[in-house]
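Below is one structure, written out as structure tokens; the observations come after it.
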Amino acid sequence: MSERVDTLGMWSAVNQLPEQMLDALDRTKDLPGLPDRTEIANVLVLGMGPGGFAGDLLAVTAGPFMPLPIVVVKSYQPPSYVDEQTLVFALSASGDTPEIVQAAALAAEAGGRMVVVTGGGQLAEMAAVWDAPLVNVDPRLNLPRAGLSALTVAPMAILEQMGLFPGASQWVRFAVDQIRRRRDAARAPAAFLARRLAGTVPLIYGGGGLGSVAARHWKNMINTSAKAPAFNAGVPDLLHNEIAGWGQHGDLTRQIFAMVVLRHDLEHPEVMRGFDVMIDLMDEVVGAVHTVEAAGEGPVAQIFDLMYQGSVIALEMAASVGLDPGPVPAVVAARQALAGRTR
């Protein structure tokens, strides 16, 4: 086995996920300055990268239980409907994400009720000017992909305090318990699957909102930690489009692609049937089909369990070939190019 290289401490950050989640609950407890729930008609989440993904997580976990809609925006501009009845979460681990700094400024100007979750930077300064509730993210989490837990859990807890997401803290604690069980188990299953995926292009398929978001996390982690291509989609949507793309070239695709199916206990019965149909149609298209099961009580535990497994497997894939999972030079190069800077 190749020697593990990890200059940014990604292994430690991923394995500290339960403690990060509990810390986020503590930092959010009794947060002053929140509006009354009767003053809010809709919820907007502004985020990019981990912040945007945290918004998606919030939408699929809290959204089904809430009396108000949640909209996630990953761009420079908030929706035109933002006003004093909009609760706006601005999420950024660094506090300097350009898209979110601009979008948050516009949302505040439109009258949005701002809540900022950040590790500092411009957003923290803006929150002070707005006199807006501020949750300080542990600055040690300002690593690539390491601050996702805090950016997700803090809004959950805030919505619970406002009476919009009852029981959120308990759902988070169920997730903490499950991830600790998963973390304390043997590494062998994750390392085994990582070896099976090495040298392939994984297709990560999940079911419904929870599974689809978890599949995107797997794809992102394999891209950034293992520096390898991967693709994701969700059932039933892929049965209306993507499945048609596998109608030919089976001799080629069987050599390249492996399918990872993410399953959870909250799948709709028709989604379960959809998986059966998909696997039957794809059996001769991919080289192998691997199934990963979620565990834990409730939607928050189930999705975080799937995501944690994906994070660890991506790290194992990197370790198997001696790659450093932390740095993402291609992302840095893209950002520099967009900013008009040269190396």
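One line per residue, one yes/no per condition, for (1) in contact with a Ser or Thr (Cβ under 9 Å, 6 or more places away or on another chain); (2) closer than 23 Å to Gly47 by Cα:
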{"position": "Ala154", "(1), (2)": "yes, yes"}
{"position": "Arg182", "(1), (2)": "no, no"}
{"position": "Ala194", "(1), (2)": "yes, no"}
{"position": "Met221", "(1), (2)": "yes, yes"}
Subject >> Residue among Ile40, Ile70 that is out of contact with any Cys (no Cβ under 7 Å at 6 or more places or on another chain), under 28 Å from Met221 (Cα atoms) and at pLDDT 95 or above >> reply: Ile70
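Matching residues to (1) closer than 17 Å to Ala157 by Cβ; (2) aliphatic (A, V, I, L, M):
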residue	(1), (2)
Ser12	no, no
Pro18	yes, no
Met21	yes, yes
Asp26	yes, no
Ala41	no, yes
Leu57	yes, yes
Leu68	yes, yes
Val71	no, yes
Original post:
In segment 45-66, how many are on the phi < 0 side of the Ramachandran plot, of a type outside the set (D, E, K, R) and out of contact with any Leu (no Cβ under 7 Å at 6 or more places or on another chain)?
Top reply: 9
Subject >> Given (1) surrounded by 18 or more Cβ atoms within 10 Å (Cβ to Cβ); (2) of a type in the set (A, V, I, L, M); (3) more than 28 Å from Gly322 (Cα to Cα), number of the condition Leu31 does not satisfy >> reply: (1)
Original post:
Looking at Arg173, Arg216, which one is at negative phi, in the same structural domain as Val43 (by TED's automatic domain parsing), at pLDDT 95 or above and among the basic types (Lys, Arg)?
Top reply: Arg173
Original post:
Got at least one residue in segment 317-324 being β-branched (Val, Ile, Thr), surrounded by fewer than 17 Cβ atoms within 10 Å (Cβ to Cβ), more than 20 Å from the chain's Cα centre (by Cα) and assigned to a helix (DSSP H, G or I)?
Top reply: no
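The values are calculated or read from the model by the stated rules, or taken from the named source; none is laboratory data. Because the structure is a prediction, the values reported are computed rather than measured. Counting neighbours? That spans all protein chains shown, and the Cβs are built from the backbone with ideal geometry, glycine included.
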